[in-house]
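Shown next, in structure tokens, is the structure this report addresses.
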Amino acid sequence: MVRKIKKIMPRVVFQRLENLYSKMEDAYRDVAQHIGFTCELCPDNCCTSYFQHHTRVEWAYFIRGLNQCSDPLRQRIIDRAEDYVQKAEWELKNNKTPDIMCPVNEDGLCTIYNHRLMICRMHGVPTVHVRPDGRRLEFPGCFRSQENTTGLDGFPRLDRTEFYQELVMLEQAFVGPKISNLPKVDLTLAQMIVHGPPRLSK
């Protein structure tokens with residue numbers, strides 16, 4: 001039996017997304033503490049990593065946070081996002097992986113930290129997830145995480161599986177039955193900022 005997709009009020013979906021983010025942070029903290037991992041004084045900055053995001057619900061929630069910024073800060077972020085998109089397009093055309101600072105980062109800190117997306121929240125520690133086809137994928141984490149786990153047996157990995165499953169359900173509840181008719185989301189945060197709120201219909 002095919003489950004019917006029912007659209008839910010954005011306010012309710014965002015509350016559930018916040019709860020999901022909280023569970024992610026608890027799971028992340030547990031793994032980080034077990035392996036002695038911290039981002040403090042790290043010589044690298046993962047905010048220059050080239051991440052693409054895939055859900056309209058996170059996109060909309062992030063734009064909500066952007067709109068809560070002061071006018072000057074919001075405009076600086078938009079200006080940096082436009083610059084990011086241009087630079088990233090050039091680097092991709094030249095077969096390079098973009099290595100550009102995230103447009104919401106100022107002085108090394110995320111200015112919209114409470115509204116950051118799933119990938120930003122889970123990057124760093126070793127993770128695992130099981131795809132719908134049953135294939136198990138493991139990721140070693142960032143270089144500092146790998147240093148901390150070298151030679152260790154049986155260290156914990158953050159399991160993303162249930163988080164992904166719940167996010168998919170929130171995406172369906174946010175978009176509604178029309179979700180199957182919409183194109184796939186595959187955008188950087190900068191592109192989301194430039195585009196503005198996601199469209200929920202063609």
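Name the residue that is surrounded by the fewest Cβ atoms within 10 Å (Cβ to Cβ), counting only residues in region 181-202 that are touching a residue at least 12 places away in the same chain (Cβ under 8 Å) and part of a helix (DSSP H, G or I). Among those residues, the one meeting the criterion is Asn181. The number of residues in region 133-143 that are over 14 Å from Tyr28 (Cβ atoms) and under 20 Å from the mean Cα position of the chain (by Cα) comes to 4.
Under the condition of being polar (S, T, N, Q) and outside any helix (DSSP H, G or I), which residue from region 1-60 is modelled with the lowest pLDDT? Out of the qualifying residues, it is Asn45. Hey, could you check region 104-136 for residues that are hydroxyl-bearing (Ser, Thr, Tyr) and in contact (Cβ under 8 Å) with a residue 24 or more places away in the chain and say which is surrounded by the fewest Cβ atoms within 10 Å (Cβ to Cβ)? Only one residue tops the list, namely Thr111.
Only a single criterion out of (1) touching a Phe, Trp or Tyr at 6+ places or on another chain (Cβ under 8 Å); (2) touching a residue at least 40 places away in the same chain (Cβ under 8 Å); (3) surrounded by fewer than 18 Cβ atoms within 10 Å (Cβ to Cβ); (4) not in a loop (DSSP other than H, G, I, E, B) is not satisfied by Glu82, namely (1).
Exactly one residue among Glu171, Glu166 is in a helix (DSSP H, G or I), touching a Ser or Thr at 6+ places or on another chain (Cβ under 7 Å), crowded, with 16+ Cβ neighbours inside 10 Å and touching a residue at least 40 places away in the same chain (Cβ under 8 Å), and that residue is Glu171.
The values are calculated or read from the model by the stated rules, or taken from the named source; none is laboratory data. Since this is a predicted model, take the numbers as computed values, not measurements. Note that we place each Cβ from the backbone using ideal geometry, even for glycine, and neighbour counts take in every protein chain shown.
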